[in-house]
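Asks: My structure is below; once you've seen it, I'll send some questions.
The values are calculated or read from the model by the stated rules, or taken from the named source; none is laboratory data. Owing to the predicted nature of the structure, the values given are computational and were not obtained by experimental measurement. Note: ideal-geometry Cβ built from the backbone for every residue, glycine included; neighbour counts use all protein chains shown. Just the protein is used for accessible areas: all its heavy atoms, side chains included, with ligands, DNA and RNA removed. Shrake-Rupley method; radii C 1.70, N 1.55, O 1.52, S 1.80 Å.
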Amino acid sequence: MKQTALLIGAKSKKVFLFVHGLHGYKEEALAFAKVAVPMGYQVLGIDIPAERQPWEVLPLLSDVCDYLYENWPSVSIRANSIGAWFSLLAFQGKDVEKALFVSPILDMKKYIELMPQREDAYYEWVVNYPIIHWDAPTFILRPEVDMVVSEEVSRDFIRQHQCQVTIMPGGEHWFHTSEQLAFLKVWEEKVLLPSPLLLCNSFI
């Protein structure tokens, strides 16, 4: 049976849930753990079926959410792309210490509306289940030009929730080159400091 979760780090009162994006996998949490574990966190990476319908994914992530709060006093989130949206759905209204989102989809309704075609059942579900309560300190890393998630998809959420945004010139939606990964690591390190000093703050 395939293991669907990976817990990294010595026992701690603080944990980060790592939520991958489309076609991602739990082992992506290992790179983040190299930053977070030395700072006193454990990191839980999970496999989620991000390609499936949200009404199938959300119950799974909600169960993980319950597990986290049953076992750790302090819970934070590190998520990529659509994983950020799923995390917003599952954790809204919860006490989240920090949320670190990379190339996130923050407004799925707007994201779908900008598509040339859309699946009506998916869109109807999204409209009926909006993000209405989010007050966690939220830090966002995105490329200067994102070919997958346009700036318009994030703008209203960022303004409403006063997210701190860092932009990587020349970056891509999927941070994967050595230069991009180095930038990502420095950003993560700075955000996890007690008083994060980000590389480039901008409120869109």
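Yes/no per residue for (1) open to solvent by 50 Å² or more (accessible area, probe 1.4 Å); (2) not aliphatic (A, V, I, L, M):
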position	(1), (2)
Glu97	yes, yes
Phe139	no, yes
Asp156	yes, yes
Leu181	yes, no
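Yes/no matrix, rows are residues, columns are (1) of a type outside the set (D, E, K, R); (2) over 17 Å from Val35 (Cβ atoms); (3) out of contact with any helix residue (DSSP H, G or I) (no Cβ under 6 Å at 6 or more places or on another chain):
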site	(1), (2), (3)
Met108	yes, yes, no
Glu113	no, yes, yes
Tyr122	yes, yes, yes
Asn128	yes, yes, yes
His133	yes, yes, yes
Arg155	no, yes, yes
Cys163	yes, yes, yes
Pro169	yes, yes, yes
Glu189	no, no, no
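Asks: Turning to a different aspect of this structure: For the range 50-59, does any single residue satisfy the condition of being hydrophobic (A, V, I, L, M, F, W, C), open to solvent by 10 Å² or more (accessible area, probe 1.4 Å) and within 24 Å of His133 (Cβ to Cβ)?
Replies: yes
Asks: Could I ask something else about it? Would you check if Ile105 is open to solvent by 10 Å² or more (accessible area, probe 1.4 Å), among the hydrophobic types (A, V, I, L, M, F, W, C), more than 24 Å from Ser178 (Cβ to Cβ) and in a loop (DSSP other than H, G, I, E, B)?
Replies: No, not satisfied.
Asks: Which of the numbered conditions does Gln42 fail, given that it passes all the others? Conditions: (1) touching a helix residue (DSSP H, G or I) at 6+ places or on another chain (Cβ under 6 Å); (2) farther than 27 Å from Pro143 by Cβ.
Replies: In the conditions (1) touching a helix residue (DSSP H, G or I) at 6+ places or on another chain (Cβ under 6 Å); (2) farther than 27 Å from Pro143 by Cβ, Gln42 misses (1) alone.
Asks: With the structure loaded, tell me whether Leu192 is over 22 Å from Arg52 (Cβ atoms), surrounded by fewer than 14 Cβ atoms within 10 Å (Cβ to Cβ) and more than 14 Å from the chain's Cα centre (by Cα) or whether it fails that test.
Replies: Working: over 22 Å from Arg52 (Cβ atoms): yes; surrounded by fewer than 14 Cβ atoms within 10 Å (Cβ to Cβ): no; more than 14 Å from the chain's Cα centre (by Cα): yes.
No; evaluated as a whole, the condition is false for this residue.
Asks: Okay, next question. Sort out which residues of the range 124-136 are part of a helix (DSSP H, G or I), surrounded by fewer than 16 Cβ atoms within 10 Å (Cβ to Cβ) and not acidic (Asp, Glu), and write them in order of number.
Replies: Result: Trp125, Val127, Asn128.
Asks: Looking only at the range 66-75, count every residue that is in contact (Cβ under 8 Å) with a residue 24 or more places away in the chain and surrounded by fewer than 18 Cβ atoms within 10 Å (Cβ to Cβ) and tell me the total.
Replies: Initial filter on the range 66-75 (in contact (Cβ under 8 Å) with a residue 24 or more places away in the chain): 68-69, 71-75.
After this cut, where a residue has to be surrounded by fewer than 18 Cβ atoms within 10 Å (Cβ to Cβ) as well, the list is 69, 71, 73-74.
Adding up the residues that qualify gives 4.
Asks: Scan the range 137-182 residue by residue and report those that are in a loop (DSSP other than H, G, I, E, B), farther than 22 Å from Lys109 by Cβ and acidic (Asp, Glu).
Replies: Glu144, Glu172
Asks: Residues being over 19 Å from Ile77 (Cβ atoms) and either hydrophobic (A, V, I, L, M, F, W, C) or open to solvent by less than 70 Å² (accessible area, probe 1.4 Å) (or both): count how many of those fall in the range 141-152.
Replies: If we filter the range 141-152 for residues that are over 19 Å from Ile77 (Cβ atoms), which is where we start, we get 143-148, 150-152.
If we keep only those that are either hydrophobic (A, V, I, L, M, F, W, C) or open to solvent by less than 70 Å² (accessible area, probe 1.4 Å) (or both) as well, we get 143, 145-148, 150.
Adding up the residues that qualify gives 6.
Asks: Here's another thing I want to ask about it. May I ask you to list the residues in the range 12-29 that are in contact with a strand residue (DSSP E or B) (Cβ under 7 Å, 6 or more places away or on another chain) and open to solvent by 70 Å² or more (accessible area, probe 1.4 Å)?
Replies: Once the filter is applied, which keeps residues that are in contact with a strand residue (DSSP E or B) (Cβ under 7 Å, 6 or more places away or on another chain) and open to solvent by 70 Å² or more (accessible area, probe 1.4 Å), the range 12-29 yields Lys13, Glu27.
Asks: Given the criteria touching an Asp or Glu at 6+ places or on another chain (Cβ under 9 Å) and within 27 Å of Phe175 (Cα to Cα), does Ser103 qualify? Steps first, please.
Replies: On the way: touching an Asp or Glu at 6+ places or on another chain (Cβ under 9 Å): yes; within 27 Å of Phe175 (Cα to Cα): yes.
In short, yes.
Asks: Give the residues of the range 109-142 that are aliphatic (A, V, I, L, M) and farther than 21 Å from Phe175 by Cβ, sorted by residue number.
Replies: Ile112, Leu114, Met115, Ala121, Val126, Val127, Ile131, Ile132, Ala136
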